[in-house]
Amino acid sequence: MNVIAIDIGNTNIGIGLYLDDKEQFIKSIPGKSEKKLKEALKSAWGKIPILESSKEKKRNGVIVVSSVKPAWISTIRQIVKDDLGEKIYVIGKDIPLPMTLWVDEPDKVGTDRVVSAAAAYDVIEDAVVVADFGTAVTIDLVDQHGVFLGGVICPGFEISAKALKDNTAQLPNIKVTKPKAPYGRNTAEAINCGLYYSIVGALQEVIRRYADKIGKWPQTVITGSGAKTIHTDCDFIDNYVPNLVVKGVFLAYKKYIEKKSRQQ
């Protein structure tokens, strides 16, 4: 199948192209740049083959979206309608969630969390923790039966750094990087160490508590823009998978189509 899989985050939008079930590319576009979004979507859609039976030269593909930002869904929907003459399919509305959720309010869980958790479980087929380091950091637990149990949400690196700058008189805003030493020799380095090790420590502690709850240490998969910063420094992390949400969007649609075909 041919799919454009889209992950609408709080800051960026990931766009992945899949032809005959094979990933061609995944690009990250600033969500505020409508011009770049149009260019990326038109370019990706143009690579999808035209149906041989279509007199209108309709392309043999679909556009599937997961979103945590409703306003940007509207933007994508309008671009797809006006520039491509197509419609989008939204995970959680047009396409069912790919796994069972054992939480109080399933409809309020971000679909990005669910599709990435389902994608990780499909590979591991056992209890797994999926941590996504974006604008916010989410650390979610799936049990050995493939049930999404819930998770933890905390501020990401950029939010934390901005909070320190905005709520103090003299602390600067910084970009978090892997520290050269466990302590800072100046203010910027001290902030960097504090934010970096806070997240690493939180991740390890949350996983430990998950392990206590389910009776074993689960495999851990991390993703998101901030994951690249920490993944080489954490021996308790099993896999770093960039763009896991985009991959999860594609797999959620594929699972939906396969289920429909079995029911026919």
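In deg cm²/dmol and to the nearest 500, what is the mean residue ellipticity at 222 nm of the chain if only DSSP H runs of at least 4 residues count, each as -39500 (n - 2.57), divided by the residue total? Could the numbers behind the result be given before it?
On the way: 7 runs with 99 residues, N = 264.
Helix contribution divided over all residues of the chain: -12000 deg cm²/dmol.
Which net charge results when you count Lys and Arg as +1 and Asp and Glu as -1 among the other residues whose beta-carbon is under 12 Å from that of LYS69? List each step's numbers first, then the result.
Values: positive: LYS32; negative: ASP7, ASP112.
Once positives and negatives cancel, what remains is -1.
For region 214-264, just the Cα set please: Rg and Dmax, both in angstrom.
Both quantities, over Cα of region 214-264: 15.6, 49 Å.
Picking from ILE50, ILE88, ILE63, which is most flexible by a Gaussian network model of the chain using Cα springs under 10 Å?
Result for the chain, Cα springs under 10 Å: ILE50 fluctuates most.
Given a Förster distance of 45 angstrom, what is the FRET efficiency for GLU125 paired with GLN170, based on the Cβ-Cβ distance and rounded to 0.05? It would help to have the intermediate numbers written out before the result.
Working: r = 51 Å, r/R0 = 1.14.
The pair GLU125/GLN170 has a calculated efficiency of 0.30.
So, in Å, what gap is there between the alpha-carbon centers of region 135-168 and region 224-241?
Answer, in whole Å: 14.
Quick check: Cα centre of region 186-218 to Cα centre of region 40-87, how many Å?
Each part reduced to its Cα centre gives a spacing of 40 Å.
So which of LYS57/LYS260; LYS36/LYS259; LYS27/LYS213; LYS32/LYS213 end up more than 31 Å apart by C-alpha?
Where the Cα-Cα span goes over 31 Å, the pairs concerned are LYS36/LYS259; LYS27/LYS213; LYS32/LYS213.
Suppose the chain between ARG77 and GLU56 were pulled fully straight at 0.36 nm per residue; how much longer would it get relative to their current alpha carbon spacing?
Working: separation 21, 0.36 × 21 = 7.56 nm, distance 2.10 nm.
The span from ARG77 to GLU56 would gain 5.5 nm if fully extended.
Please compute the net charge surrounding MET1, taking Lys and Arg as +1 and Asp and Glu as -1 over other residues with Cβ under 9 Å from its Cβ. Walk me through the numbers on the way to the answer.
Values: positive: LYS254; negative: ASP20, ASP21.
Residues close to MET1 contribute a combined charge of -1.
With a ≥ b ≥ c the root eigenvalues of the C-alpha gyration tensor of region 29-115, is it rounded (a/c under 1.5), prolate (a/b larger than b/c) or oblate?
Details: a/c = 2.83, a/b = 1.59, b/c = 1.79.
Here region 29-115 falls in the oblate category.
Any chance you could run the full-extension gain for LYS69 through VAL103? It's 0.36 nm times the residue separation minus the Cα-Cα distance, nm to one decimal. Intermediate values should be presented prior to the final figure.
On the way: separation 34, 0.36 × 34 = 12.24 nm, distance 2.11 nm.
My answer for the length gained is 10.1 nm.
Antiparallel as a % of all DSSP beta bridges within region 3-90, to the nearest 5?
Of the beta bridges lying entirely in region 3-90, close to 60 percent run antiparallel.
Would you mind counting up the charge near TRP102? Only other residues with Cβ under 13 Å from its Cβ, with Lys and Arg at +1 and Asp and Glu at -1. Write down the numbers at each step before the final one.
Numbers: positive: LYS213; negative: ASP104, GLU105, ASP140, ASP143.
Here the count lands on -3.
Among LYS35, LYS178, LYS69, determine the one that fluctuates most according to a GNM of the chain built with springs between C-alpha atoms less than 10 Å apart.
LYS35
Of the beta bridges DSSP finds with both residues in the chain, what % are antiparallel, to the nearest 5? Walk me through the intermediate numbers first.
Working: 28 of 47 bridges.
The antiparallel proportion sits near 60 percent.
At 24 Å minimum axial length over the Cα atoms and a Kyte-Doolittle cut of -0.5, report the qualifying DSSP H helices in the chain, or say none.
On the way: long enough: 187-214 (40 Å, 0.25); 244-263 (28 Å, -0.28).
Span-like helices, by this rule, are 187-214, 244-263.
Less than 19 Å from a label point 7 Å out along the Cα-to-Cβ axis of SER33: which backbone N atoms in region 73-96 qualify, by residue?
73, 75-77, 79-80
Relative contact order for the chain: what percent, with Cα pairs under 8 Å and sequence separation of 6 or more?
Details: 466 pairs, mean separation 47.6, N = 264.
Reported relative contact order: 18 percent.
Tell me, in nm to one decimal, what length is gained between GLN263 and ASP20 on full extension, where the rule is 0.36 nm per residue of separation less the Cα-Cα distance?
Gain in length upon complete extension: 85.3 nm.
Hey, which lysines would be in cross-link range of LYS216, C-alpha to C-alpha under 21 Å, not counting anything within fewer than 8 residues on its own chain?
Filter leaves no residues.
Rg(Cα) of region 136-208 divided by 2.2 N^0.38 Å?
Working: Rg = 15.0 Å, N = 73, 2.2 N^0.38 = 11.2 Å.
That ratio works out to 1.33.
Rg and Dmax of region 101-246 over Cα atoms: what are they, in angstrom?
Reported Rg and Dmax, both Å: 15.9, 50.
Given the options ARG77, ARG209, ARG113, state which has the largest fluctuation in a GNM of the chain using a 10 Å cut-off (strictly under) for Cα springs.
Among ARG77, ARG209, ARG113, the largest mean-square fluctuation in the Gaussian network model of the chain belongs to ARG209.
Taking the Cβ-Cβ separation of ALA190 and LYS162 as r and a Förster radius of 22 Å, what is the calculated FRET efficiency to the nearest 0.05?
Taking R0 as 22 Å, the efficiency between ALA190 and LYS162 is 0.85.
No value in this document is a laboratory result; all are computed from the given coordinates. Because the structure is predicted, anything quoted here is derived from the model rather than measured. Here Cβ is always computed from backbone atoms with ideal geometry, including for glycine, and neighbour counts include all displayed protein chains.
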